[in-house]
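**Q** Would you mind keeping the following structure in view while I ask a few things?
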Amino acid sequence: MDLLNIENLHARVDNPDGQEILKGLNLTIKKGEIHAIMGPNGTGKSTLTKILAGSDEYEITQGSVNYNGEDLLEKEAHERANEGIFLAFQYPVEIPGIATSTFLRHALNAKLRHNEKEEIDNLEFIKLLRQKAKTLKISDEMLKRPVNVGFSGGEKKRMETLQMSILDPHLGLLDETDSGLDIDALRTVAEGVNYIHSKEKGFLIITHYQRLLDYIKPDFVHIMVGGKIIKTGDYKLAIELEEKGYQAYGV
């Protein structure tokens, strides 16, 4: 079954002189699949993830996006998040004054309320949080600190993977989550994604480099140029791209 279906998507920056960024993009992700998109800077990769998450920076001028059989473009950002879409940012934001554990408990309970499920109590949540944090090698001390405040780049990415693990999304969007990671942090993040992944979930990974895909094996690799996908293949396409660069595709 299709988890995400994008047809002929056109989008531009939402202002009077807004440049068109997506120019007829097509993509289908079925449940259980991991897709990776690679491409040069400025081709619209991050724009795509932001649009899927509900950013109001862009105007959709043509095309459709269906998620779990429903029109995604009709839903607000908070509805998309509560219905199982998670965006891991390239540069995770800091939220001073709010402990990570408190933030995650409220986020999880907001999702449970939206889906008409019983909220989780504090003791049950702490048990869940510690179990997930241990898997991702995150200390109790880090959970008490304000969200991402004072964290290194690698620690921020680990915390985002923890957020994703707690919120248990149907569709994970990873926007260059490997940016700035050393090899140990990269492995930890990849292990977290592989731990979360199941036959009911899908992932869309935006990356410039093959190295992340050595740890998270995609079912499909897409090359994106000029606001659209121009070639699709399996993992071997990422290796080919690493060897030949984008010039082989007219960039």
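The values are calculated or read from the model by the stated rules, or taken from the named source; none is laboratory data. No experiment lies behind these values; they were computed from the predicted model shown. Glycine also receives a Cβ, built like all others from the backbone with ideal geometry; neighbour counts cover every protein chain displayed.
**Q** Applying the selection to region 133-147, what residues are at pLDDT below 90 and either in a helix (DSSP H, G or I) or closer than 18 Å to Ala88 by Cα (or both)?
**A** Of everything in region 133-147, those that are at pLDDT below 90 and either in a helix (DSSP H, G or I) or closer than 18 Å to Ala88 by Cα (or both) turn out to be Lys134, Thr135, Leu136, Ile138, Asp140, Glu141, Met142, Leu143, Lys144.
**Q** Could you please find all residues in region 136-150 being farther than 12 Å from Ile166 by Cα and of a type outside the set (Asp, Glu)? Explain how you work it out, then say what you get.
**A** So the first thing to find is which residues in region 136-150 are farther than 12 Å from Ile166 by Cα, and the list is 137-150.
Lys137, Ile138, Ser139, Met142, Leu143, Lys144, Arg145, Pro146, Val147, Asn148, Val149, Gly150 - these are the residues of region 136-150 that are farther than 12 Å from Ile166 by Cα and of a type outside the set (Asp, Glu).
**Q** Which pairs do you get when a residue that is closer than 27 Å to Gln19 by Cα, found in region 226-251, comes within reach of a residue that is modelled with pLDDT under 85 and surrounded by 14 or more Cβ atoms within 10 Å (Cβ to Cβ), reach meaning Cβ atoms under 8 angstrom, with the pair 6+ apart or on two chains?
**A** Ile230/Tyr249; Lys231/Tyr249
**Q** Now for a separate question. Only one of Ala190, Ala99, Ala110 is of a type in the set (A, V, I, L, M) and either at positive phi or crowded, with 19+ Cβ neighbours inside 10 Å (or both). Can you tell me which? It would help to see each step written out before you state the result.
**A** Working: Ala99 fails: either at positive phi or crowded, with 19+ Cβ neighbours inside 10 Å (or both); Ala110 fails: either at positive phi or crowded, with 19+ Cβ neighbours inside 10 Å (or both).
Step by step, each of Ala190, Ala99, Ala110 is checked, and only Ala190 is of a type in the set (A, V, I, L, M) and either at positive phi or crowded, with 19+ Cβ neighbours inside 10 Å (or both).
**Q** Ok, one more. Can you tell which of Asp184, Asp175, Asp140 is over 22 Å from Asn115 (Cβ atoms) and in contact (Cβ under 8 Å) with a residue 60 or more places away in the chain?
**A** Details: Asp184 fails: in contact (Cβ under 8 Å) with a residue 60 or more places away in the chain; Asp140 fails: in contact (Cβ under 8 Å) with a residue 60 or more places away in the chain.
Selected residue: Asp175, the only one of Asp184, Asp175, Asp140 that is over 22 Å from Asn115 (Cβ atoms) and in contact (Cβ under 8 Å) with a residue 60 or more places away in the chain.
**Q** From Lys199, Lys217, Lys156, grab the single residue that is of a type in the set (Lys, Arg), in contact (Cβ under 8 Å) with a residue 60 or more places away in the chain and in contact with a Pro (Cβ under 7 Å, 6 or more places away or on another chain). First the steps, then the outcome.
**A** Working: Lys199 fails: in contact with a Pro (Cβ under 7 Å, 6 or more places away or on another chain); Lys217 fails: in contact with a Pro (Cβ under 7 Å, 6 or more places away or on another chain).
The unique qualifying residue is Lys156.
**Q** Go through region 1-31 and give me each residue that's modelled with pLDDT under 95 and within 17 Å of Pro169 (Cβ to Cβ).
**A** Met1, Asp2
**Q** Still on this model: Please report, ordered by residue number, the helices (runs of 4 or more DSSP H) entirely within region 32-122 with at least 2 residues that are more than 30 Å from Lys231 (Cβ to Cβ). I'd like the intermediate steps shown before the answer.
**A** On the way: elements: 45-53, 77-82, 100-114.
Those helices (runs of 4 or more DSSP H) span 77-82, 100-114.
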